[in-house]
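Visitor: I'd like to ask some things about the structure below.
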Amino acid sequence: ITGENGTGKELVARNIHERSRRWKGAFVEVNCAAIPRELIESELFGHEKGSFTGAVARRTGKFEQADGGTIFLDEVADASPELQAKLLRVLQEREIDRVGGQNVVPVDTRVIATTNRDLEKEIKNGKSGSYN
């Protein structure tokens, strides 16, 4: 979903979720531009105990929280190209890797992504990836 800030992209995404067969599942919102680059993988995919300093317990990520429902990735174009590649893998394989994990975790999550950028124009102009 594309559009300028304040145009109701989140309302459209929530409406899609509420009118779908996934309406009983969670609607999990993530603003990709608001989460520091060092934390976003752990936020989205979760982490295992001891995987980094401060990881004192296993933490469930947003994709697992949205299992059976919808994850709303706001401003996904602000995510790094590396993270975008990992998101593509989640879409293709329907599984995630927790940070520090040994096993993949299957997820059944609809992904709705938004941006306020004109991505077609940026691609034509040779711009791609994050501007963070």
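The values are calculated or read from the model by the stated rules, or taken from the named source; none is laboratory data. From a predicted model like this one, the values you see are computed outputs, not experimental measurements. Cβ: placed from backbone, ideal geometry, glycine included. Neighbour counts: every protein chain shown. With ligands, DNA and RNA removed, areas are computed over all heavy atoms of the protein, side chains included. Shrake-Rupley method; radii C 1.70, N 1.55, O 1.52, S 1.80 Å.
Visitor: Given a 10 angstrom Cα cut-off, can you work out which residue in ALA55, ALA13, ALA66 is the most mobile in a GNM of the chain?
Guide: Top of the fluctuation ranking is ALA55.
Visitor: Also: For the stretch 1-104, what % of the accessible area comes from carbon and sulfur atoms, probe 1.4 Å? If you can, show how the numbers build up before the last one.
Guide: On the way: 2960 of 6230 Å².
On the stretch 1-104, the fraction of accessible area on carbon and sulfur atoms equals 48 percent.
Visitor: Sticking with this one: Give me the lysines in straight-line cross-link reach of LYS24: C-alpha distance below 17 Å, same-chain residues under 8 apart excluded.
Guide: Correct list for LYS24: LYS62.
Visitor: Looking at the stretch 18-73, which GluC sites (Glu not before Pro) are DSSP coil and have at most 15 other C-beta atoms within 10 Å of their C-beta? Working shown, then result.
Guide: Numbers: sites: GLU18, GLU29, GLU38, GLU41, GLU43, GLU48, GLU64; in loops: GLU38, GLU48.
Here the sparse-neighbourhood loop sites are GLU38.
Visitor: Report the percentage of all Cα-Cα pairs in the stretch 27-87 whose separation exceeds 16 Å, rounded to a whole percent.
Guide: Cα-Cα pairs of the stretch 27-87 separated by over 16 Å account for 44 percent.
Visitor: Same structure, new question: Spelling out what I want: for every residue of the stretch 107-122, take phi, set θ = phi - 60°, compute 6.51 cos²θ - 1.76 cosθ + 1.60 (Karplus), and round to whole Hz; glycine and proline get x.
Guide: 9, 10, 10, 6, 10, 10, 10, 10, 7, 9, 9, 8, 5, 4, 5, 5
Visitor: Taking a spot 7 Å from the Cα of ASN31 along the direction of its beta carbon, which residues of the stretch 70-94 have an amide N less than 16 Å from it?
Guide: In the stretch 70-94, the label zone of ASN31 (backbone N under 16 Å from the point 7 Å along Cα→Cβ) covers 72-79.
Visitor: How large is the accessible surface per residue of the chain, computed with a 1.4 Å probe and reported in Å² as a whole number? Numbers along the way, then the final one.
Guide: Numbers: 8110 Å² over 132 residues.
Per residue, the chain has an accessible area of 61 Å².
Visitor: Also, quick follow-up: By the scheme Lys and Arg +1, Asp and Glu -1, what is the net charge of all other residues having a beta-carbon under 9 Å from that of ALA55? Don't jump to the answer; show the numbers that get you there.
Guide: Details: positive: LYS49, ARG58, ARG59; negative: GLU48.
In short, +2.
Visitor: Which length gain, in nm to one decimal place, applies between GLU122 and GLU95 when the Cα-Cα distance is subtracted from 0.36 nm times their residue separation? Please list the in-between numbers first.
Guide: On the way: separation 27, 0.36 × 27 = 9.72 nm, distance 2.96 nm.
So the chain would gain 6.8 nm between GLU122 and GLU95.
Visitor: Which longest run of the chain has no exposed loop site in it, a site being chymotrypsin sites (Phe, Trp or Tyr not before Pro) in a DSSP loop with at most 15 other beta carbons within 10 Å, and the site itself not part of the run? Can you show the working numbers first?
Guide: Values: sites that count: TRP23, PHE52, TYR131.
Counting only loop sites that pass the neighbour cut-off, the longest clear stretch is 53-130.
Visitor: I want to verify a result. In a Gaussian network model of the chain, Cα cutoff 10 Å, which of these has the top mean-square fluctuation: VAL56, VAL90, VAL76?
Guide: VAL56
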